[in-house]
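Visitor: What follows is a single structure, and I will ask about it in a moment.
Taken together, the values in this text are just the output of simple stated rules run on the coordinates, not laboratory data. Bear in mind that the values here come from a model prediction, so they are computed numbers and not experimental data. Don't worry about glycine lacking a Cβ; one is built from the backbone with ideal geometry, like all the others, and counts go over all protein chains shown.
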Amino acid sequence: GSKSRLYDIENISLTYSYNEVFNRNINTEFSLMREHNGGVGYNYNNSPKNYKPFSKIKFLKKSKSLRLLKDFNFYLLPKTISYRTDFNKSYSEMKMRNIASLNATVPLNIVEPDTMFNKLFNLTQNFNIKYDLARSVKLNFSSNTRSIIDEPEGKIDTQAERDALRDSVLTFGRPTMYHHQYDVRYTVPINKFPLTDWVSLTLNYSGTYDWNAGSMALVNDSINLGNVIQNTNKKRINAQLNMNTLYNKVPFIKRLNAGPKNSRGGSKNSRSDSRRVAKDSKEKNKDSDKEDPEEDEDEEEDEKNTLDHIVNVFSHFARMAFSVKNVNMSYDETNGSMLPGFKPTSEFFGMAQRFSPNSAPGWRYLLGGQPEELDLNRFASNGWITSDTLLNQPFTKQYTSRLNIRSTVEPIKKLRIQITAQRSETINTSSLFKNNGNADIPIFELLNENQTGSFNMSFLAIGTAFRPMEINSSQTFDDFRNIRSQIAHRVAKQSAADYGVPYYPSGNYPVGFGPNAQEVLIPAFMAAYSGTNPASQKLNKFPDIPLPNWNVKYDGLTSIPWVKKHFKTVSVSHGYTSTYSISSYQTNLFFADLGSPFTGTPEQNPDNFDVSGDFLTELQIQTVNISEQFSPLIRFDVTMNNSLTTRFDISKDRQVSLSLNNNQVQEQAGKSLTVGVGYRINDFEVTMATANGSKTFSSNLDLNLDVSIRKTVSAIRSLEENTHQPVSGSTDISIKTSADYVLSERINIQLFYDRMVKKYEVANSFDTANSSFGLRLRFSFGN
C-alpha cells in the first residue's frame, strides 16, 4: 500500500450514536431518557525510514574504531501517534402523576410532583506515542484522562445555562482522573568499540504519574482536603559480558577455545610446535648419534611425546584459568510516592497550567522524581498543599531494589557451573505532611514518620552445613552464645567512632551492648551459622555484597572407555542455595526523638536505653532467617545401553530463625535419599477384548519405581537459659511405582501403587501409613 502520512484523512475516525426512550403509564406522566455516545480519533502507524548519514563513507567502513560514527542513525518520524476522545451523555427526566388528586371526590391540597432529572456527561481522552529516536533509543508514552462535564441543575432552557454547558465542553470539563506512563530504553553502544565489543549494556527508565480528584462532597467553605497525586519510577540496568569474545582477542587463548582438531586430543598448532622443538633437538644431536639410528628415533619419539604432554597439561590449566564464559548482571530500582492534600487540578499532561514553567506539581515529579521534605515544604509554600487541619491521609514512599548476577563457568569440557547471586530490599515509609498550626497561620510539618521493610540476599552458610543436628546440643549454637561478647565490643567501638562518643567497656559486655542487644545478636548469628571468624564478620545487618550460590553438572564420565561401553549417558549434578533474610522491620519511634543516640550510661541518659539496659536502635527487627539447601548434595542420572534408567539423589536442607522478641533460635534440618529406577519396554503388545472380538495394541510400556527416605528434626534453643527443646521430628518413607502404557494418541492407561509411611521422633504424635493403588485412564480431547 501507499506510504502512511501524518496528514492522511484515513487516520481520522468519527463515531456517534443516539438513543431515546419515552415512556408513560398510569403512574408516570412521562419518562424520557436520551443517550448520546460519540468519539473522535486519530491513529497514525508507520514504519519510518532510518537515516544513517555516515554509513557510506569508505574510511569509516574500514575502521573498527570509528564504528560508532559509521552506525550513527536516527528517525525523523514516530512509529505510532494515536489520540482519541470519547463522550457519553445521558439525560433523563421523569414526572409522576398526582393519582391521589385524580381519584378524590373533593379537592385535595396536595403539592404537584416535581419533575426529576438525572444527568451524566463523561469525557475520556487517550493519547499514545511510540517514537524510536534511533535504533538504540526507544520512547513510549501514553496518557489517559477522565473528566465530567458539569451541567446546570434541572432542565437547560435558558441561554445562560446553554452558555455554561458550552464553556464546560470547550474546556473538556472538570478532570477527575489523569494517568500517564512512559518508558525509555537505551542500548549503550559500548560494543561498538574494539576494546569493549564483548560487553552489552542496556539502560531502561520508566515511570507513572497519577492525579485523582478528591470528593466534591468534602469541598465547601470550611473543608478542602484536596486531591491525591502519586508517581513511580523504575530504573533498570542490564549488562552482559561475553568472556569468550574477550579471550579470543588473544590468539593463543583463541586456539585453546577452538579445541582439539583431531582424535588424539592435541590441537594442530600445539602438536606442530612440539614437533618443531623435537626436530631442532634432533638436528643438534645429529652428529653424536650417527652410530645408533634406532636409538635416535626412540629418543626423538620420547621427546615428542613428553612435549605433547607438557603442552596438553598447560592447555588444560590455561582453559581453567579462562573458564568463565559469560556474566549477566541486572539491577532494578523502583521508587514511588503518594501525596494527599494536593490542591491544584490537572490540565496539561498532569500539569495544573498548560504552559507555565512553575506549574504544579513540576516536571520533576511528573517524570518520577521523589519528593523529600525540602520539596514538600516548597509545595506548601507555593500553596499547593491544603491547609485543612482535618487532613489525616498519610504521605507514603516506596523503595524496592533487586540485584541479580549470573555466570557460567566451564573449567573443563562438559563440566558446567552456574554461579548466581542476588540481593533484594524493600522499604516503605509513611508519615503525615500537614498543617500543624491553624488556617490563618499554617505551619506544615512532617509528622510520625514510620518505616517498614524487608531484606533478602544470597548467603554462604556452608561452613557449618555438615555439623550434626542434635536435639539436645549444638556446636553452632554454642559458638553463637560464646562469640556475642567479642561482637559486642566490636560494635561498641564502631558506634563510638561513628557517633564520636566515648566507648564504655564494662566486663564481658560494654555499656549499652549486652548479650541480647539487637546490634550484637544479628552479626553474631551470621558469624556463627556461616562459620565466619567473628573478628572478620561484617557488622552491617544489611550486607551490600551478596554471596555466591551455584549449580554444577558434569556429563563427561562417558569419555572413559569402560563407562562408555556400559552406559549410554551418565550425569552428575550438585546444587547449593542459601539465603539470609530479614522478614520485616519497622522504625523505633523512640529513637527518632533522641538527640544523641548511643551515648552515656543508663544513669546519665536513661532515655537512650531500653528496659534491658541496651541502647535503643533505629530499627526494630523481629526475625532473622538463614536457609540452606543442597538440592541436590549429589545426584547421579544414568541411562544404560539397555534403556534402564537409574537416579540416585541425596539432598540436605536446614532453616534457622533467630527471634529477637524472645531471644530464641529455631532450627530445622532435613536430609533425604531418593533412588529411582525406570525401564522402557518397546513395542509391548497387549491384547484387549472389544465389542468386535479382540484387538492387539503395540506401544511402549514405561515402568518406574521411586523410593525416598527423608528425615527431619526441629528444635528451639534459648539464649537466656541455654536450653534445647525438641519441637518435631519424623522419618518419611515414600514408595511410588507405576506402569504407563499408551493405547492411542488420546488414551493413556497407568497402573500405580503409592505408599507413604511417617514415623515421628516425638512422643506426642502417632506414626501413620497411607497406601493408594489403582488404575488411571487419561483421555485427551485436544486437536
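Visitor: Quick one: what Rg and Dmax do you get for the range 316-366 from the alpha carbons, in Å?
Guide: Cα only, the range 316-366: 24.6, 71 Å (Rg, Dmax).
Visitor: Shifting gears a bit: Tell me the net charge near Gly341. Cut-off is 11 Å between Cβ atoms, Gly341 excluded, with +1 for each Lys or Arg and -1 for each Asp or Glu.
Guide: +1
Visitor: Quote to one decimal, in nm, the extra length available between Tyr83 and Ile747 on full extension: 0.36 nm per residue of separation minus the C-alpha distance between them.
Guide: Gain on extension, Tyr83 to Ile747, equals 233.7 nm.
Visitor: Something else about it: Could you bin all the Cα-Cα distances of the chain into 10 Å bins starting at 0 and give me the percent of pairs in each, rounded to whole numbers?
Guide: 2, 8, 11, 13, 16, 16, 15, 10, 5, 2, 1, 0, 0, 0, 0, 0
Visitor: Quick check on the exposure proxy: order Arg635, Arg162, Arg654, Arg97 from fewest to most C-beta atoms within 10 angstrom.
Guide: The order, fewest Cβ neighbours first, is Arg162, Arg97, Arg635, Arg654.
Visitor: Follow-up question, since we're still on this one. Considering only Met351, Gly514, Pro152, whose Cα is most displaced toward the positive end of the charge dipole of the chain, charges sitting on Cβ of Lys, Arg (+1) and Asp, Glu (-1)?
Guide: Farthest towards the positive end: Met351.
Visitor: Tilt of helix 268-284 relative to the longest C-alpha principal axis of the chain, in degrees (0 to 90, nearest 10)?
Guide: The angle comes out at about 30 degrees.
Visitor: Quick one: Cα centre-to-centre distance for the range 368-409 and the range 738-780, in angstrom?
Guide: Distance between centres, Cα-based: 55 Å.
Visitor: For helix 484-499, report the angle its Cα long axis makes with the longest principal axis of the Cα atoms of the chain; keep it between 0 and 90° and round to the nearest 10°.
Guide: 50
Visitor: To the nearest 10 degrees, how steeply does helix 518-530 sit against the main Cα axis of the chain, on a 0 to 90 scale?
Guide: Its long axis makes an angle of about 40 degrees.
Visitor: If you average the C-alpha positions of the range 552-570 and of the range 31-77 separately, how far apart do those two centres end up, in angstrom?
Guide: Centre-to-centre distance over Cα atoms comes out at 54 Å.
Visitor: Then there is this: Of Val184, Ser581, Pro597, which is farthest on the positive side of the dipole of the chain, counting Cα position, with +1 on Lys and Arg Cβ, -1 on Asp and Glu Cβ, and the Cα centre as origin?
Guide: Val184
Visitor: Sticking with this one: Give me the one-decimal nm value for the distance between modelled label points at Phe74 and Asn428, 7 Å along each residue's Cα-to-Cβ direction.
Guide: 4.6
Visitor: Can you give me the Cα centroid spacing of the range 425-481 and the range 630-665 in angstrom?
Guide: What the calculation gives is 30 Å, centre to centre.
Visitor: Hey, another quick one. Mind checking the full-extension length gain between Lys235 and Asn25? Use 0.36 nm per residue of separation minus the Cα-Cα distance, one decimal, nm.
Guide: Roughly 69.2 nm would be gained on extension.
Visitor: Same structure again: Just want to confirm a number: the relative contact order over the range 459-783, from Cα pairs under 8 angstrom separated by 6+ residues, in percent.
Guide: Once divided by the residue count of the range 459-783, the mean separation gives 12 percent.
Visitor: Go ahead and estimate [θ] at 222 nm for the chain from helices alone: -39,500 (n - 2.57) per DSSP H run with n ≥ 4, summed, over the residue count, rounded to 500.
Guide: Helix contribution divided over all residues of the chain: -5500 deg cm²/dmol.
Visitor: Counting Lys and Arg as +1 and Asp and Glu as -1, what is the net charge of the other residues whose Cβ lies under 13 Å from the Cβ of Pro602?
Guide: It works out to a net charge of -4.
Visitor: Can you pull the semi-axes for the range 459-783, root of five times each eigenvalue of the Cα gyration tensor, sorted largest first, whole Å?
Guide: So the equivalent ellipsoid measures 57, 22, 18 Å along its semi-axes.
Visitor: Quick one: putting +1 on the C-beta of Lys and Arg, -1 on the C-beta of Asp and Glu, what dipole do you get for the range 459-783 around its Cα centre, in Debye to the nearest 20?
Guide: For the range 459-783, the charge dipole is close to 1540 debye.
Visitor: Okay, next question. Taking every eigenvalue of the Cα gyration tensor of the range 667-783, multiplying by 5 and rooting it, what semi-axes result, largest first, whole Å?
Guide: Semi-axes from the Cα gyration tensor: 47, 14, 12 Å.
Visitor: Once the piece of chain linking Phe542 and Asn377 is laid out straight, how much longer is it, given 0.36 nm per residue of separation minus the C-alpha distance between them?
Guide: 56.3 nm
Visitor: Right, something else. Would you mind calculating the relative contact order of the chain from Cα pairs under 8 angstrom and at least 6 residues apart, reporting the percent as a whole number?
Guide: 6
Visitor: What FRET efficiency would be calculated for the residue pair Arg402, Asn126, taking the C-beta separation as r and a Förster radius of 56 Å, to the nearest 0.05?
Guide: 0.95
Visitor: With label points built 7 Å along Cα→Cβ from the Cα atoms of Glu721 and Ile148, find their separation and express it in nm.
Guide: The two pseudo-label positions are separated by 6.3 nm.
Visitor: If you take the beta carbon distance between Val313 and Arg647 as r and set R0 to 30 Å, what does 1/(1 + (r/R0)^6) give as a FRET efficiency, to the nearest 0.05?
Guide: 0.30
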